[in-house]
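To start, the structure itself, in C-alpha cells.
The values are calculated or read from the model by the stated rules, or taken from the named source; none is laboratory data. This one's a predicted model, so the numbers in the text were calculated from it and none came from an experiment. Heads up, the Cβs are rebuilt from the backbone with ideal geometry, glycines too, and the neighbour counts pull from every protein chain shown.
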Amino acid sequence: MPLLWAFWLTACWQRSDSPSETAYAGAAQLRVFQALDPSSPVLAELEFGHRVVVLRRHRYFAYVRTEGGVEGWVEATRLLDPQQMAAFHRFSRQVAQLSSQGKATTWGPANVHTAPCRNAPTVYRLREGLLVDVVGSQVVPRTACSSPPGLLTSWSSLNSYTPPDAGSIETPADEWRLVRLPSGLAGWVLSSFLTMALPEEVARWAEGQRVTAYFTLGRIIDRGQTHHAWLWATLSGKLKPYQFDRIQVWSWNPRRQRYEPLYRESNLRGYYPITVSLSEPAVRAWFSIVLYAGNGQFVQRRYQVEGRQVQKVDEAPWKPPIEPVPDLEARREATPLPWWRRWLGGNR
C-alpha cells in the first residue's frame, strides 16, 4: 500500500509539472511580466527564438516558464509554435545560399522582420554600425500586409522580378531588403533604414544616387598601400520594380593617386543577383548582371575586366527561378548514412 501511494504521488507531480505546450519568443525582445498588467515588474526580456513552456493561457496572454526557470506573463500573439520556428530556421538556411550583393549598415535602430511587412514578427533589432549582407529585394504594397504574412521560401518571393511594364505599383508601398545577419539569421528590413557600406573614398562619386549593390574586382598595391577596383550599381528614384538602373566600374590610378571611372552604363533595368568571379592571381575579373529586355523577357549580360579595360563578353536569355529555394541542410539530414557511419555513432 505505501508503494502504491508513492507511485500515485509521483504520477500527480509529473502531470502537474509536465510541459503542456512548447513555444518560442517571436519578437526581438519579449518581456515577461509578473502579472497581467503592463505596469507590473518585468521579470525577464527574451530574445527571438528563446524556448518557453506555456503553462496556461488567458485571452491574449500566456503564462510561461523560461529556460532559466522564470515564470510570468507574455503576449501570446508574440509567440511562435515549433512548426513556425522550424520554418524560420529553414528559411534562414535557404537565405544562406543566396549571394551577397554587398554589406549594408544602419545609422540607427532598425527592425528585422520575418517577412516584408511592417506587422510581421521582429527577428532582431539592428544596432548602429552592425554590418549585414543584402541578398534580396522586394517592393510590397502595404495593403498586402493586412494580416501577419507567412515566410517566403521561393526564389521569386526572395527577389522581385516584376517586369517594369507590368503596370504601376500600388501605393502606398514599401521597399524592403532581405538581409543576412552575422549570426546566420535572416529577415527583411525597410530599405530606408539601410546604407550600403561602400568605402567613402569611392561612394562620394555615386552622384547622389542610392547604391544598391557593390563588389570588389581585385586589389591594386601602390606604394605599400592596398586599393581596390570596384563595381557598384545605383538606383535613381524609389519604389522601382528593379534594383538598379546604372552600373559603374572604378579603379585606382597609381600615377594620379586617385580613383577614376573605367566604365559606366546607364538607363538599365537591372535585377539581383549581380555575380562576380576573379581569376587567381586577380589580374582579370568577370561580372554579370540581369536585365529586363522587354516583352516579359530577361537577359544575363557578362563583362570582362582586365587591367583598365572593361568590355561586354556575351548576352544570353535568362529566366527567374520559380522553384523553391533548396534546403541543403534538410536534404543532408534526409540522406541515409552508410552502415559504418551509423555503427560509429551516426555523426556526419
With the requirement that a residue be touching a residue at least 40 places away in the same chain (Cβ under 8 Å) and under 20 Å from the mean Cα position of the chain (by Cα), what does segment 207-231 give you? Val211, Thr212, Ala213, Tyr214, Phe215
Taking segment 188-202 and keeping residues more than 13 Å from Gly102 (Cα to Cα) and out of contact with any Ser or Thr (no Cβ under 6 Å at 6 or more places or on another chain) leaves Trp188, Val189, Leu190, Ser191, Ser192, Glu200, Glu201, Val202
Do you know which of the residues in segment 196-224 that are in a strand (DSSP E or B) and out of contact with any strand residue (DSSP E or B) (no Cβ under 6 Å at 6 or more places or on another chain) is nearest to Ala87 (Cα to Cα)? Ile221
Select from segment 61-77 the residues that are under 30 Å from the mean Cα position of the chain (by Cα) and either assigned by TED's automatic domain parsing to the domain that holds Ala186 or free of Cβ contacts under 8 Å to residues at least 24 places away in the same chain (or both) and list them in ascending order. Glu67, Ala76, Thr77
Please state which of the following conditions Arg90 fails to meet, knowing it meets all the rest: (1) modelled with pLDDT of 85 or more; (2) in contact with a strand residue (DSSP E or B) (Cβ under 9 Å, 6 or more places away or on another chain). (2)
Within segment 235-274, can you find the residues that are in a strand (DSSP E or B), touching a Ser or Thr at 6+ places or on another chain (Cβ under 9 Å) and either surrounded by fewer than 21 Cβ atoms within 10 Å (Cβ to Cβ) or touching a residue at least 60 places away in the same chain (Cβ under 8 Å) (or both)? Arg246, Tyr259, Glu260, Pro261, Leu262, Tyr271, Tyr272, Pro273, Ile274
Conditions: (1) assigned to a loop (DSSP other than H, G, I, E, B); (2) touching a Phe, Trp or Tyr at 6+ places or on another chain (Cβ under 8 Å); (3) crowded, with 19+ Cβ neighbours inside 10 Å. Val112 meets all but one. Number of the miss? (1)
Using the structure shown, decide if Val42 is over 26 Å from Thr143 (Cα atoms), of a type in the set (A, V, I, L, M) and exposed (fewer than 13 other Cβ atoms within 10 Å of the Cβ). yes
Residues of segment 59-80 being farther than 11 Å from Ala27 by Cα and of a type in the set (D, E, K, R), in sequence order, are Arg59, Arg65, Glu67, Glu71
Top-ranked residue of segment 58-103 - restricted to ones that are small (Gly, Ala, Ser) and part of a loop (DSSP other than H, G, I, E, B), ranked as nearest to Val211 (Cα to Cα): Gly102
Within the bounds of segment 241-252, is there any residue that is at pLDDT 90 or above and basic (Lys, Arg)? yes
